[in-house]
Amino acid sequence: MEYLLQARGHQRSPSDTQAFRQRTKRDAENELQQELQKLTATAPENRKEEFGRLFEGFANLFKRFLEEEGPSLEWDRIQKLPENAIHNYNSLSDPSNEEIKAMLNKLIVVKLNGGLGTSMGCHGPKSVIAVRNGLTFLDLTVQQIEYLNRTYNANVPLVLMNSFNTDEDTQRIIRKYKGIDVAIHTFNQSCYPRINTESFLPLAKHCNVNQDMEAWYPPGHGDFYESFKNSGLLKKFIKEGREYCFISNIDNLGATVDLRILKLLLDKGHSSSPEFVMEITDKTRADVKGGTLIQYEDKLRLLEIAQVPKDHIDDFKSVKTFKFFNTNNLWVKLDAIERVLENSSLNMEIIVNNKTQPNGLNIIQLETAVGAAMKSFEGSIGINVPRSRFLPVKKTSDLMLVMSNLYILRNGSLVMSPQRMFPTTPLIKLGDNHFSKVKEFLTRFPTIPDLLELDHLTVSGDVTFGKGVALKGTVIIIANHGERIDLPSGTILENKIVSGNLRILDH
């Protein structure tokens with residue numbers, strides 16, 4: 001099977017004979033089908049149909065993985081973006097108060113809630129990490145929608161796409177929102193078997209997922225469309241007269257319902273409403289790996305770094321050539337999702353995620369990204385939004401920003417403090433060894449320093465901050481191996497480098 005993996009590279013690999021290749025692929029496909037049938041037989045009677053449908057989806061993905069070789073696009077065929085492809089957010093108009101209620105009742109909000117907080121040292125869904133005033137990502141999302149519903153007497157529902165990793169905990173947590181004016185719906189994305197890199201066969205030996213979690217994986221957020229339809233929610237919302245869903249990552253605190261964008265989508269003055277809108281924002285050097293928008297074969301589509309031929313990686317990262325990157329805030333027309341699925345015209349590039357299990361076994365996860373569906377829709381556009389709509393919390397350095405006095409919390413939304421002189425956020429780098437886990441981060445920062453005048457902060461090594469510390473300009477604090485720095489309460493550092501040992505103790 002090794003050559004099959006090599007063939008996935010960007011160069012088409014020369015082969016002995018086409019017939020041999022076809023036969024090997026056919027064998028791999030047939031063997032997988034047999035294994036999937038055996039797995040289905042182990043499912044409880046009341047879940048056989050569900051697993052059958054899951055495995056049918058997985059088999060289709062696997063078949064495409066075997067068939068697709070070489071790059072998914074030819075670099076020289078990328079076209080210049082058409083004039084009307086990108087709308088400037090500042091050119092959009094605000095709706096009147098009379099319009100807002102009717103507009104909101106055409107909308108549903110979808111949050112991608114499949115991820116765990118393990119990378120930040122937390123157990124359970126990432127959405128339950130406390131990010132501000134003891135409130136979690138989920139609390140803030142519910143607060144935002146409750147505020148909209150209350151203010152405009154509307155009824156915007158919240159839909160959570162969970163994974164088998166997060167569903168049980170999420171169901172328990174959302175009970176506390178029962179008395180709140182937000183209808184919350186959940187559904188699960190697919191649960192696919194991980195594949196052994198050598199044999200191309202599933203690791204799983206039975207369908208009891210909870211007993212062998214390491215053998216299964218959620219196949220990326222591109223699975224949203226199919227799973228949303230299978231849950232029955234797509235049909236339900238279309239029947240209710242809903243027209244658009246606003247999809248975003250639950251850990252992006254900037255992804256709030258935007259009434260200007262919603263007005264653009266629902267404005268009947270247009271001959272045709274866009275079916276797919278991607279919010280993009282100006283690329284900085286910190287974002288060079290982020291997906292970008294291109295025109296290809298006369299269609300607007302997402303280009304991810306994984307699809308770029310090796311000799312064009314530098315072109316892709318250039319801020320001059322590709323000025324924008326994808327925030328993963330998407331607005332998609334519900335009846336268009338239904339049509340694309342019915343026509344089987346949904347086409348998303350496969351992301352091959354190679355991983356090594358704790359026991360050293362190499363495995364493959366086949367995934368797709370929700371934004372990659374863009375090219376399957378008609379009249380897609382990008383909207384160049386302010387950077388404030390992209391505020392993801394992936395690391396404790398991001399958590400430091402959102403917990404700090406740079407932001408004010410207003411009805412579940414974080415708003416940049418008017419006391420901050422410039423609209424950009426500071427660049428913060430915290431050393432992985434001492435700051436990567438939330439618990440450790442919080443013990444080293446009993447209170448978050450004043451960051452209003454900070455441009456750049458680097459902290460490395462065994463460093464602890466006292467209360468009421470203020471950081472301004474560029475501050476670099478480095479404790480080398482065996483050294484320790486304790487910054488006393490009330491310390492003010494402006495354009496300073498601190499290194500060596502520093503301990504001031506009360507006596």
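The values are calculated or read from the model by the stated rules, or taken from the named source; none is laboratory data. What you see is a predicted model; the values in this text were computed from it and never measured. Quick reminder, even Gly has a Cβ in these numbers, built from the backbone with ideal geometry, and neighbours come from all protein chains shown. When the accessible area is computed, the model is the full protein with side chains, heavy atoms only, and any ligands, DNA or RNA have been set aside. Shrake-Rupley method; radii C 1.70, N 1.55, O 1.52, S 1.80 Å.
At a glance:
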item: Mean Cβ neighbour count within 10 Å, used as a protection proxy, ranking 232-240, 150-158, 111-119 highest first; result: 111-119, 150-158, 232-240
item: Hz values of 3J(HN,Hα) by residue in the range 33-42 - Karplus curve (6.51, -1.76, 1.60), Gly and Pro given as x; result: 4, 4, 5, 5, 5, 4, 4, 4, 5, 8
item: FRET E, pair Asn97, Arg285, Förster distance 45 Å, beta-carbon r, rounded to 0.05; result: 0.65
item: Label-point gap, in nm, between Ala130 and Leu81 - each point 7 angstrom along Cα→Cβ; result: 4.1 nm
item: DSSP-loop trypsin sites (Lys or Arg not before Pro) across the range 48-88, with at most 11 other Cβ within 10 angstrom; result: Lys80
item: Long-range amide H partners of Gly254 with built H, under 5 Å; result: Leu391
item: Rg/Rh for the range 394-497, where both radii come from Cα atoms and Rh is the Kirkwood radius; result: 0.95
item: Descending semi-axes in Å of the chain, equivalent ellipsoid built from Cα gyration tensor; result: 38, 30, 25
item: Within the accessible area of the range 14-163 (1.4 Å probe), percent carbon and sulfur; result: 46 percent
item: Mean projected area (nm²) of the alpha-carbon convex hull when the range 104-259 is viewed from all directions; result: 10.7 nm²
item: Net charge dipole size for the range 73-387 [Lys, Arg +1 and Asp, Glu -1 on Cβ; Debye, nearest 20]; result: 580 debye
item: 5 angstrom amide H check on Ala183, placed H, neighbours 5+ away; result: Leu158
item: Paramagnetic reach from Val209 in the range 335-366 [backbone N under 19 Å; point 7 Å along Cα→Cβ]; result: 353, 364-366
item: Note, ³J(HN,Hα) from phi for the range 467-478, Karplus 6.51, -1.76, 1.60, rounded to Hz, x at Gly and Pro; result: 7, x, 7, 10, 10, 9, x, 10, 10, 10, 10, 10
item: Ordering of 298-309, 481-492 by burial proxy (mean other Cβ atoms within 10 Å per residue, highest first); result: 298-309, 481-492
item: Computed log₁₀ I(q)/I(0) - Debye formula, equal Cα scatterers, no solvent, the range 140-214, q 0.24, 0.25 Å⁻¹; result: -1.09, -1.15
item: Within the chain, helix-based [θ] at 222 nm, where runs of 4 or more DSSP H residues each add -39,500 (n - 2.57), nearest 500; result: -8000 deg cm²/dmol
item: Bridge type composition, the range 73-387 - antiparallel percent by DSSP, nearest 5; result: 60 percent
item: Across Lys176/Lys236; Lys80/Lys375; Lys289/Lys310; Lys106/Lys235; Lys299/Lys320; Lys111/Lys333, pairs whose alpha-carbon gap is larger than 18 Å; result: Lys176/Lys236; Lys299/Lys320
item: Mean Cβ neighbour count within 10 Å, used as a protection proxy, ranking 390-400, 356-366 highest first; result: 390-400, 356-366
item: Accessible-area composition of the range 394-497, carbon plus sulfur, in percent [1.4 Å probe]; result: 53 percent
item: Residues of the chain: accessible area per residue with a 1.4 Å probe, Å²; result: 48 Å²
item: Interchain or long-range residues, amide H under 5 Å from Tyr407's placed H; result: Ser417
item: Evaluated over the range 308-398, the Cα radius of gyration and Dmax, each in Å; result: 17.2, 48
item: Separation in nanometres of the label points that stand 7 Å from Cα toward Cβ, at Ser489 and Asn88; result: 5.0 nm
item: Kirkwood hydrodynamic radius of the range 330-482, from inverse mean 1/r over distinct Cα pairs, in Å; result: 19.4 Å
item: q = 0.11, 0.20, 0.22, 0.24 Å⁻¹: log10 I(q)/I(0) that the Debye formula gives for the range 216-325, counting C-alpha atoms only; result: -0.51, -1.32, -1.38, -1.41
